[in-house]
Amino acid sequence: MRVYLAKNLREANRNNAADNRKILREHGVLMVNMMGSPGCGKTSLLEETLKRLSPRYRLAVIEGDLYTTEDAQRLSPWTQKIVQINTEGDCHLEANYIGHLLAQNPHALLDAEILFIENIGNLICPAEFDLGEDIGVTLLSVTEGNDKIRKYPLAFKETQATIITKVDLLEHVDFNLDQATFDLKNLNEQAVIFPLSAKTGEGVDKWCEWLEHQLEKKK
Ligand SMILES: Nc1nc2c(ncn2[C@@H]2O[C@H](COP(=O)(O)OP(=O)(O)O)[C@@H](O)[C@H]2O)c(=O)[nH]1
Ligand SMILES: [Mg+2]
């Protein structure tokens, strides 16, 4: 009988993530890993982000999904550089998947200035796997409730930015932005918080400006 320890597999993931980071640095690509529950608004925000940034930057996307290519199709008006990965049930992406995609699609992915990853819709597992990204982003929609930051702390703790999505619905739900900011800062003092709505566009420019600033810092 062979016994594998999860911590050793995580160690392998860390090494693969470091390899990805090195390749991305060599090519000057800023990789942004977007995480959050199914339906929290990842693809909608990516649509709005690509719409704003694609006239000025070379953008690419790795679109993670269990089975479909629907999200990739939604993003296709804004960039042709989209690589779909279907995990066929796996609940997160791992660094070796990304390493493989970078090696197989260098023209699409390594020629980009910003490479976005839409991770599998899940607020738990993706946060456990560093992909080699420069920036981790956790999205939480106001319809999910304030308690989720406290109940699923890892994603919020491990990522540099938290995006509170669907703020156009604030008046209809019991979500308190001040409480969310307080809980987030408790977990991660450095985290930047962006309340926004992909539907009305409120707050989206601010998020895009921050991304541009991150890109300048990396150059
Ligand atoms: N009211 C409102 N609905 C939104 C917003 N962003 C996304 N949605 C809706 O939420 C649902 C899920 O969005 P989607 O972007 O597919 O989420 P994903 O599963 O995280 O990629 C869709 O019906 C969107 O139209 C928003 O800012 N406001
Ligand atoms: Mg999506």
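Computed from the coordinates by the stated procedures, all read-outs in this text should not be read as laboratory data. Quick caveat, the model's predicted, so the values are computed rather than measured. Neighbour counts are summed over all protein chains in view; Cβ atoms, including those assigned to glycine, are modelled from backbone coordinates with ideal geometry.
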Quick one: GLU70 ticks every box in (1) within 14 Å of ligand 1 (Cβ to nearest atom); (2) exposed (fewer than 15 other Cβ atoms within 10 Å of the Cβ); (3) touching a residue at least 40 places away in the same chain (Cβ under 8 Å) bar one, so which box is it?
(3)
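I'm trying to understand the selection: among the residues of the stretch 93-122, which are within 16 Å of ligand 2 (Cβ to nearest atom) and either touching a strand residue (DSSP E or B) at 6+ places or on another chain (Cβ under 6 Å) or among the small types (Gly, Ala, Ser) (or both)? Give the steps one after another, and end with the answer.
First, the residues of the stretch 93-122 that are within 16 Å of ligand 2 (Cβ to nearest atom): 93, 116-122.
Correct list: LEU93, PHE116, ILE117, GLU118, ASN119, ILE120, GLY121.
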All-but-one check, LYS42 against (1) over 17 Å from GLU133 (Cβ atoms); (2) touching a residue at least 12 places away in the same chain (Cβ under 8 Å); (3) charged (D, E, K, R); (4) within 16 Å of ligand 1 (Cβ to nearest atom), failing number (1)
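From the list LEU196, LEU187, LEU154, LEU177, pick out the single residue that is within 12 Å of ligand 1 (Cβ to nearest atom) and aliphatic (A, V, I, L, M).
Exactly one residue qualifies, and that residue is LEU196.
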Restricting the stretch 32-50 to residues that are more than 9 Å from ligand 2 (Cβ to nearest atom) and part of a helix (DSSP H, G or I), the one surrounded by the fewest Cβ atoms within 10 Å (Cβ to Cβ) turns out to be GLU47
Are any residues in the stretch 53-67 crowded, with 19+ Cβ neighbours inside 10 Å and either more than 16 Å from ligand 1 (Cβ to nearest atom) or part of a helix (DSSP H, G or I) (or both), and if so, which ones?
LEU53, LEU59, ALA60
